[in-house]
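Each remark here refers to the structure printed beneath this line.
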Amino acid sequence: MILTTLRSPLLAIALVVALVATACGTNNGSGSAGGASGTPASAGGVQAGGSEAAGSGAASQAANLSGDLTVWAMGNEGTKLSTLADAFTAANPGVKVSVTPVDWGQAVAKLTTAIAGNTTPDVSQMGTDMMGQFGATGAFDPVPSDIDPSTFFQSAWNTNQVGGAASGVPWYVETRLLYYRTDIAAKAGITSPPATWDDLMAMATAMKAKGGAKFGISLGTKNWQEYFPFLWQNGGDVVDASGNPALNSPQAVEALTFYDSFFKAGLTPKSVPEGFDITPAFVKGDNPMFFSGPWHLGLIDTAGGAAFKGKWAIAPMPKKVTATSFLGGSNMVVYKNSKNKDAAWAFVKFVSDPKTQALWYKTATDLPAVQSAWDDPTVKGDPNVALFGEQLKDTKAQPVSATWSELSSAINDTLEKMTSGAMEPQAAADQMQKDAMSIGVK
């Protein structure tokens, strides 16, 4: 998700009026969620990655938990979280869980008002790019020491580090892979997905010149989430080891130059309508390659129908120095003002249990943040989903920063100037660095 903030955390949050889902950018598409039911073996109060439910310790803890528990969750997750809440209550009958769905467009205002007025819920979902913004208010309760960081994907755990301390727990994750038309690639004489940057350029060129596609690929004109993987793949980063901005490093300039080369060569559109949905353009064959998350698996199946099966595939990110992709998703946080912290943290541990994570995947098609949950047949049974699991081992996220929304908006503005031809990559890198120095990243 991309937010817009100012430098004072509470003032900044108060002025933000819109949130976009994690999957936002210029290659849009609304995710679809599958439904399923089931009860995880793990009950209340388990440690992340544990399976303590059947033992006397779990029964004892369940007996000790009681009272009301309020949980806020956003978007699709908010409408489906009752499945997990019911399972938690079944294992902890003394606890009454009340789930409040919150529209993403109202989330910042609602959370800001709650924090300012000391009326926060016990637990809430928190987008990975929101952690710094809200963590700066001091509203989060520190993560207990009995939650093991190694249980989670490292890049997901890192999104919870606010001021050097863990302030939340990964709930679910997402990352990006390359979607491509295998039939158009074959027509262009290409039989395997691109493994390197050079391969990606060659494939995009061939799909347009020989495959008959209108474009060779679809890249976001103003989407930092799509540019950053190229920065990371080239050995660069948003900040250096000291936490200082590094957006005009030689690696960054080279990454921007490569990204911009697709626009200069006419291989990707220089502009798209607001809210552009890549799915129909991909099915039609106009845009035969794009980067996106797991939500597009279902969207493409729905849009293309049975006749489209076998005409497309997904592939890992192309490699330069690395093959790093973007990591998004959401965390769970407990608030310091919670009057029922025992139950609150028991709930967070419960949703972090591998079996609960697998249940949540069946319920909402959100990818597990707990690594061992990927061993569940429900998750690993689909080879396409398994490929996302492999990519999650090489991912990064944006810095945890209270000013990230303001800075990311400025980066998007600069990207748009570059991809439209109004700014060269070196100038774009220098502008990003200037904005980062002015706005701040810490």
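The values are calculated or read from the model by the stated rules, or taken from the named source; none is laboratory data. Computed from a predicted structure; not experimentally measured. Ideal geometry is used to build each Cβ from the backbone, glycine not excepted, and the neighbour counts take in all protein chains shown. With ligands, DNA and RNA removed, areas are computed over all heavy atoms of the protein, side chains included. Shrake-Rupley method; radii C 1.70, N 1.55, O 1.52, S 1.80 Å.
Residues in the stretch 145-154: is at least one among the aliphatic types (A, V, I, L, M) and within 23 Å of the chain's Cα centre (by Cα)?
yes
Here the condition is being surrounded by 24 or more Cβ atoms within 10 Å (Cβ to Cβ) and either farther than 24 Å from Ser292 by Cα or over 22 Å from the mean Cα position of the chain (by Cα) (or both); of Ala427, Ala343, it holds for Ala343 alone. Of the residues making up the stretch 261-306, those that are of a type in the set (Val, Ile, Thr) and modelled with pLDDT of 95 or more are Thr268, Ile278, Thr279, Val283, Ile300, Thr302.
What residue, among those in the stretch 261-292 that are closer than 14 Å to Asn223 by Cα and of a type in the set (Gly, Ala, Ser), is most open to solvent (accessible area, probe 1.4 Å)? Only one residue fits best here, namely Ser271.
Ala213 fulfils the conditions (1) out of contact with any Pro (no Cβ under 6 Å at 6 or more places or on another chain); (2) crowded, with 18+ Cβ neighbours inside 10 Å; (3) assigned to a loop (DSSP other than H, G, I, E, B) except for a single criterion, (1). Here no strands (runs of 3 or more DSSP E) wholly within the stretch 105-200 include at least 1 residues being over 21 Å from Thr365 (Cα atoms) and open to solvent by 40 Å² or more (accessible area, probe 1.4 Å).
Annotation note: Cβ proximity below 6 Å between a residue of the stretch 317-341 that is more than 26 Å from Gln391 (Cα to Cα) and hydroxyl-bearing (Ser, Thr, Tyr) and a residue that is open to solvent by less than 10 Å² (accessible area, probe 1.4 Å) and outside any loop (DSSP other than H, G, I, E, B) (sequence gap 6+ or interchain) occurs for Ser338/Ala344.
The set of residues from the stretch 61-104 being among the polar types (S, T, N, Q), open to solvent by 50 Å² or more (accessible area, probe 1.4 Å) and in a helix (DSSP H, G or I) comprises Gln61, Asn64, Asn76, Thr79, Ser82.
Among residues of the stretch 283-316 being of a type in the set (D, E, K, R) and touching a residue at least 60 places away in the same chain (Cβ under 8 Å), the one that is nearest to Tyr361 (Cα to Cα) is Lys311.
The set of residues in the stretch 95-104 that are polar (S, T, N, Q) and either within 23 Å of the chain's Cα centre (by Cα) or closer than 19 Å to Asp366 by Cα (or both) contains only Thr100.
In the stretch 223-242, which residue that is open to solvent by less than 20 Å² (accessible area, probe 1.4 Å) and assigned to a loop (DSSP other than H, G, I, E, B) is nearest to Ile411 (Cα to Cα)? Among residues in the stretch 223-242 that are open to solvent by less than 20 Å² (accessible area, probe 1.4 Å) and assigned to a loop (DSSP other than H, G, I, E, B), the one nearest to Ile411 (Cα to Cα) is Asn223.
Checking each residue in the stretch 346-362 for being aromatic (Phe, Trp, Tyr) and within 21 Å of Trp295 (Cα to Cα) picks out Trp360, Tyr361.
Only one entry of Gly189, Gly212, Gly216 meets the criterion of being of a type in the set (Gly, Ala, Ser), touching a strand residue (DSSP E or B) at 6+ places or on another chain (Cβ under 8 Å) and closer than 30 Å to Phe276 by Cβ, and that entry is Gly216. Among the residues making up the stretch 243-265, those that are assigned to a loop (DSSP other than H, G, I, E, B) and touching a Gly at 6+ places or on another chain (Cβ under 9 Å) are Ala246, Leu247, Ser249, Ala265.
Can you pull out every residue in the stretch 379-417 that is assigned to a helix (DSSP H, G or I) and without any contact (Cβ under 8 Å) to a residue 40 or more places away in the chain? Correct list: Val379, Lys380, Pro383, Ala386, Gly389, Leu407, Ala410, Thr414, Lys417.
Has the stretch 248-260 got at least one residue that is touching a helix residue (DSSP H, G or I) at 6+ places or on another chain (Cβ under 8 Å), under 19 Å from Ser420 (Cβ atoms), among the aromatic types (Phe, Trp, Tyr) and open to solvent by 10 Å² or more (accessible area, probe 1.4 Å)? Looking for residues that are touching a helix residue (DSSP H, G or I) at 6+ places or on another chain (Cβ under 8 Å), under 19 Å from Ser420 (Cβ atoms), among the aromatic types (Phe, Trp, Tyr) and open to solvent by 10 Å² or more (accessible area, probe 1.4 Å), one finds at least one in the stretch 248-260, hence yes.
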